[in-house]
Amino acid sequence: MRHLIEPEDLDLEEIKQLVNVGIDMFENPKDYAKVCEGKILASLFFEPSTRTKFSFDSAMYRLGGNVIGFSDAETTSAKKGESLADTIRVMGYYADIVVMRHPKEGAPKLASQYSSVPIINGGDGGHQHPTQTLTDLITIQKYKGRIDGHNVAFCGDLKYGRTVHSLIRTLARFGSKKFYLVSPEELQLPDSLKRQLIERYGVELVEVHFIEEVIEEIDILYMTRIQKERFFNEADYLKLKDSFKLTRDKLKPAKPDMIVMHPLPRVNEIGYDVDEDPRAIYFEQSQLGVYIRMALISKLLEVGPYARG
Amino acid sequence: MRHLIEPEDLDLEEIKQLVNVGIDMFENPKDYAKVCEGKILASLFFEPSTRTKFSFDSAMYRLGGNVIGFSDAETTSAKKGESLADTIRVMGYYADIVVMRHPKEGAPKLASQYSSVPIINGGDGGHQHPTQTLTDLITIQKYKGRIDGHNVAFCGDLKYGRTVHSLIRTLARFGSKKFYLVSPEELQLPDSLKRQLIERYGVELVEVHFIEEVIEEIDILYMTRIQKERFFNEADYLKLKDSFKLTRDKLKPAKPDMIVMHPLPRVNEIGYDVDEDPRAIYFEQSQLGVYIRMALISKLLEVGPYARG
Amino acid sequence: MRHLIEPEDLDLEEIKQLVNVGIDMFENPKDYAKVCEGKILASLFFEPSTRTKFSFDSAMYRLGGNVIGFSDAETTSAKKGESLADTIRVMGYYADIVVMRHPKEGAPKLASQYSSVPIINGGDGGHQHPTQTLTDLITIQKYKGRIDGHNVAFCGDLKYGRTVHSLIRTLARFGSKKFYLVSPEELQLPDSLKRQLIERYGVELVEVHFIEEVIEEIDILYMTRIQKERFFNEADYLKLKDSFKLTRDKLKPAKPDMIVMHPLPRVNEIGYDVDEDPRAIYFEQSQLGVYIRMALISKLLEVGPYARG
């Protein structure tokens, strides 16, 4: 039995195959409308996240399956003092596969050790969110034709943004050799991750302070939300947030086939007038997230394109 | 693509057809058990309303579809500062149709401008609740054989009751020429609505203070809840509430085929001993609400009786 | 139309049949995957209980049906002052069967008097929880080959534990003649229940203070949670809790085919090292709970093995 706790649980071939299956599901959804008939997904959100929950629920329904679950931990037996191990052991009798979001790092990993059914990590604290990474990868594949070999810039909060850490590491695994990092001093990529990227994968990291410095060269601009809470004082935040905001003007010199990605929700780091630009594909990215989750559920349940024998 | 934000979004022919389709769905539910197979309804209740939510969820399941959603806004990305426009844009990837209840007037209208799938207004503040109006109309059609041409009395809170405003305006559109209004001074129909009814539709409004004054003449008695919060002091409320309460005694002189309607929940404005009277059809009204919603969902999704071509 | 409010609503033959149908559903789930197609379960949890809710939801989905519902009463019309009778009357239009958990004793009974569809009591205060009893019975049948004729010990909180009261009474109805009771003075079986068991069923009750005194003789050990809140002071609780905790050592002298049951959630009344012992079947018990609920839903809806004519 397989689980997905972090992107490293999948090798590069498996990721490529997931991405291709996901794209085929996107293009031919009717072919997959019954592959999970009779199966149940338990969608356990110990911490709320409507978007991720909806994406998984929608994925399971589009495969013909059903969903049980909760959107916050208020009503669970955890409140009666039950251990996560016990909760998960019983869950395997109610459902055939579990997606779990938890505020504590490592909770899905722990759960996977006791579970009789596959566990998908739907986000554990600031740690991992592997299905976001898969969503990013299917988007890159669909819009740029391949996963590796692009000039990618990451912009915004590179310190706390787990989606950035995960994606940059996975792109490095795929052989990407150069990344542009655009962030305020306070929110730079952690040193440990930089070291890992340079030493293990031989990556070159180019740090700049303004989107304008790199906009002409890049193929992919990955934007993230800068949260006010990350700054010591509001003045710093207010001063900085506009430098890292993408506007129509800043986008102008970019290549015509460059793409702008964002894991959403977006607050004000991308101007609303950017939405109409064909290079802005963050909403389509969200859509592809449903299909890569359909592929993943099928893989872990060994149904449809992943049926055995 | 069509939305339903207010009853005026539908012309009279469309309403008549919806009502007829709804009645056929009520009488032959099995014929419609799969018309929404593979479709997903997002039921977004930014404000709780179990009854309306259940009615929509049940409607979608009885059409063979599935439902994702939430019952209050506590767990949504709105809390992270996301705009309603962004929330709705993404929702179109998770679902094929959206019903939305929102405390802010106009929110569903705004949503419809950004949505890639049909939006149904499930109630926006004190403003509109068009599927309640459709529920009222299907009930009148089923129990009285036609929508217009009845003597209708509205009783209770005519000032704040959005269901009353909507229904009276729609009946006027259908050609009804006379309405009886039974309410305390404090809770009379707003002047602007009275003017509109008189000037635009040539309606005659008869205002009385007691149900007893009109009970013998009317074909339909539409009751509403009088809420304590509407009065300046509790004494006024206590003094008045009984005058506007329907009892078995007051109902006695009514025509044998008169019907008593109520949008529910009922608190104490209709005595429990009225429930057994065959003229009391407010529970059946609630039931018909499921079938008119089934008709509406089919229309907006263009499936089943509304399939194109 | 039938309801299940307390185990006594079913005669012994009906219980035996339910247990057998449940076991067949466990062994041949595919044969039952569509018996509730087109049916809707309303799962109304006026008090949270994730485990019971998931068990019912999973049961309904495994029968091919759908589920509407809520996990706490915060969002219901009850808050607007609606009576339970009205809530339930309307529910019959949204769903084909209702499971209801309520903090007030007697609420499901009251609901059944107004409902147009079958009501299942999913637990009402400290009163009844009949599907837990059915879960216990199917487990005993499956693991011990028959329901009656075993030496059963109940351990822990025998005063407030409604699952114990229900099971012991039902086993007495089935003809069991002797029970071992292991509990602190403060948490003994209520006198009224003891009298009933002795006088009506001729049962012999053996009260002891330590598991060790009975462990060699018994066929079934039914453990329950001892809650801190039941004691006047924490010192008493701390002193006692370990005496009533099942450990690997205490289990050693038990018969090799003895079984340890627990309604779950377990907190610390069973050591985690007991889990690996083949006699520990409390997780399997939880699993069987899904199948007995599938049997019950089928019976009350008169579908599948319970279809008429």
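The values are calculated or read from the model by the stated rules, or taken from the named source; none is laboratory data. None of the values given here were measured: they were computed from a predicted structure. All Cβ positions, glycine included, derive from the backbone under ideal geometry; neighbour counts span all protein chains shown. These accessible areas exclude ligands, DNA and RNA; they are computed on the full protein's heavy atoms, side chains included. Shrake-Rupley method; radii C 1.70, N 1.55, O 1.52, S 1.80 Å.
A few points about this structure:
- Computed over protein heavy atoms with a 1.4 Å probe, the carbon and sulfur contribution to the accessible area of chain C reaches 47%.
- Site pair B:Arg230 and A:Lys178 shows an inter-label distance of 7.1 nm when each label is modelled 7 Å from Cα along Cα→Cβ.
- Distances from C:Asn20 to itself in the other copies, using label points 7 Å out along the Cα-Cβ axis, amount to 5.3, 5.4 nm in increasing order.
- Estimated 222 nm signal from helices in chain B, with DSSP H stretches of n ≥ 4 weighted -39500 (n - 2.57), rounded to 500: -12000 deg cm²/dmol
- Annotation: amide H-H contacts under 5 Å for B:Ala42 (H modelled 1.01 Å from N, sequence separation of 5 or more, or interchain): B:Ile68, B:Asp96, B:Ile97, B:Val98, B:Val99.
- Taking GluC sites (Glu not before Pro) across segment A:1-97, the ones in a DSSP loop with at most 14 further Cβ atoms lying within 10 angstrom of their Cβ are A:Glu37.
- Volume per residue that the Cα convex hull of segment B:105-188 spans, once the total is divided by residue count, Å³: 101 Å³
- Charges were assigned to the Cβ only: +1 to each Lys and Arg, -1 to each Asp and Glu. The resulting dipole of chain C about its Cα centre is roughly 600 debye.
- Computed from Cα atoms, the angle from the helix A:84-94 axis to the main principal axis of chain A rounds to 60 degrees.
- Reference-scaled alpha-carbon Rg (2.2 N^0.38 Å with N residues) for segment A:33-133: 1.01
- Kirkwood radius and radius of gyration were both taken over the C-alpha atoms of segment A:131-286, and their ratio Rg/Rh is 0.93.
- The trypsin sites (Lys or Arg not before Pro) found in segment C:114-208 that occupy coil by DSSP, while having at most 16 further C-beta atoms within 10 Å, are C:Arg146, C:Lys177.
- Remark: accessible area buried at the B-A interface is about 2200 Å², both chains counted, probe radius 1.4 Å.
- The share of C-alpha pairs in segment C:48-196 whose separation exceeds 27 Å stands at 34 percent.
- Backbone phi angles across segment C:281-295, fed through the Karplus curve with coefficients 6.51, -1.76 and 1.60 (θ = phi - 60°), yield HN-Hα couplings of 10, 5, 6, 4, 4, 4, 5, 5, x, 5, 6, 5, 5, 4, 5 Hz in residue order; Gly and Pro are listed as x.
- In this assembly of identical copies, the label point of C:Asp277 (Cα plus 7 Å along Cα-to-Cβ) is separated from its counterparts by 6.7, 6.7 nm, sorted shortest first.
- Here's the picture: a label point sits 7 Å out from the Cα of B:Glu217 along the beta-carbon direction, and within segment B:170-211 the residues with their amide nitrogen under 11 Å of it are B:178-181, B:205-208.
- Using only the C-alpha atoms, the convex hull of chain B corresponds to 139 Å³ per residue.
- Rounded FRET efficiency, nearest 0.05, which uses the C-beta distance separating A:Asp191 from A:Asp148 and R0 of 30 Å: 0.75
- Equivalent ellipsoid semi-axes - Cα gyration tensor, segment C:196-309, angstrom: 32, 19, 18
- Partners for A:Lys144 among lysines (Cα-Cα distance below 21 Å; same-chain residues under 8 apart left out): A:Lys16, A:Lys177, A:Lys178, A:Lys252, A:Lys255
- Sparse-neighbour loop sites [trypsin sites (Lys or Arg not before Pro); segment A:227-309; at most 12 other C-beta within 10 Å; DSSP]: A:Arg308
- Distance cut-off 39 Å, percentage of C-alpha pairs in the protein assembly as shown lying past it: 50 percent
- With protein chains left intact and a 1.4 Å probe, residues in chain A average 38 Å² of accessible area per residue.
- In chain B, the longest principal axis of the Cα atoms and the axis of helix B:50-62 are about 50 degrees apart.
- Per-residue Karplus couplings for segment C:219-229, computed as 6.51 cos²θ - 1.76 cosθ + 1.60 with θ equal to phi - 60°, are listed in order as 9, 9, 10, 9, 8, 9, 6, 9, 9, 3, 4 Hz, Gly and Pro entered as x.
- Minimum Cβ-to-axis distance in chain B for the rotation onto chain C, with residue, whole Å: B:Asn66, 5
- Hull-based mean projected area of segment C:1-89, where the convex hull spans the alpha carbons, in square nanometres: 7.1 nm²
- Amide H to amide H distances under 5 Å link B:Leu246 with B:Ile270, B:Gly271, where only residues 5 or more positions off or on other chains count and H is placed in the peptide plane.
- J(HN,Hα) series, segment C:23-33, from Karplus relation 6.51 cos²θ - 1.76 cosθ + 1.60, nearest Hz, glycine and proline x: 5, 5, 5, 5, 7, 9, x, 5, 5, 10, 5
- Ranked from shortest, the separations from the 7 Å Cα-to-Cβ label point of A:Ala33 to its equivalents in the other copies are 1.8, 1.8 nm.
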